[in-house]
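What follows is one structure encoded as structure tokens, with my remarks underneath.
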Amino acid sequence: MFNIVLVEPQIPPNTGTIGRLCVNPGATLHLIKPLGFDIDDKTVKRAGLDYWHLVDLVIWESFDEFLAQHPIEINSYMATTKTDNLYWDTKFQRGDYILFGSETKGIDEKVLLANPDQCITIPMGDGGRSLNLGISVGIVAYEALRQNYDGFEKITIENKER
């Protein structure tokens, strides 16, 4: 349905949780190296529970490699705190790429500045500067699903090979 892209994720439980989240709406999870952990890390799999083997997973060697095949265009959105474009004002479509930066650095500011119309944000009060990566992915991914729910087929574990 959608493509969730994690650019250089650092925290294994976040990635495991996001992998689990991707299984439910049928999203593909793209991980862009360098990763802050070994993909076989038990904490990734623990957070992903018995879903991890069901994750449609693509691993990229670098952000440049990903961008060469998937340039930031009309079907790409980058989550950041450095914009005023609210995520719910975005018209998500099936197949879109929704990018999230590393927990410590976010997405390269040069890429954000070169593509301001593709930047989206989750509003936060003055007391907070960011949300957990897993929560942020869940918020945006399920808004994208809400907008495209018509005709959505529930993907159940029973329908996928183990």
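The values are calculated or read from the model by the stated rules, or taken from the named source; none is laboratory data. Just so it is clear, the structure is predicted and the values come from calculations on it, not from any experiment. Neighbour counts run over all protein chains shown; Cβ positions are idealised from the backbone, glycine included.
Residues in the stretch 108-154 that are at pLDDT 95 or above, over 21 Å from residue 2 (Cβ atoms) and of a type in the set (A, V, I, L, M, F, W, C): 2 in all. If you go through the stretch 1-25 and pick out every residue that is small (Gly, Ala, Ser) and over 23 Å from residue 75 (Cα atoms), you end up with 1. In the condition set (1) surrounded by fewer than 19 Cβ atoms within 10 Å (Cβ to Cβ); (2) aliphatic (A, V, I, L, M); (3) part of a loop (DSSP other than H, G, I, E, B), residue 72 is compliant with all but (1). Please determine whether any residue of the stretch 41-51 is surrounded by fewer than 19 Cβ atoms within 10 Å (Cβ to Cβ) and either closer than 14 Å to residue 9 by Cα or touching a Cys at 6+ places or on another chain (Cβ under 7 Å) (or both). Yes, the stretch 41-51 has at least one match. Pairing each residue of the stretch 42-70 that is among the polar types (S, T, N, Q) with any residue that is in a strand (DSSP E or B) and modelled with pLDDT of 95 or more, provided the two are 6+ apart or on different chains, yields C-beta distances under 7 Å for 62/32. From the set of residues in the stretch 90-124 that are under 10 Å from residue 80 (Cβ atoms) and of a type in the set (A, V, I, L, M), which is surrounded by the most Cβ atoms within 10 Å (Cβ to Cβ)? Restricting to residues being under 10 Å from residue 80 (Cβ atoms) and of a type in the set (A, V, I, L, M), the top hit is 99.
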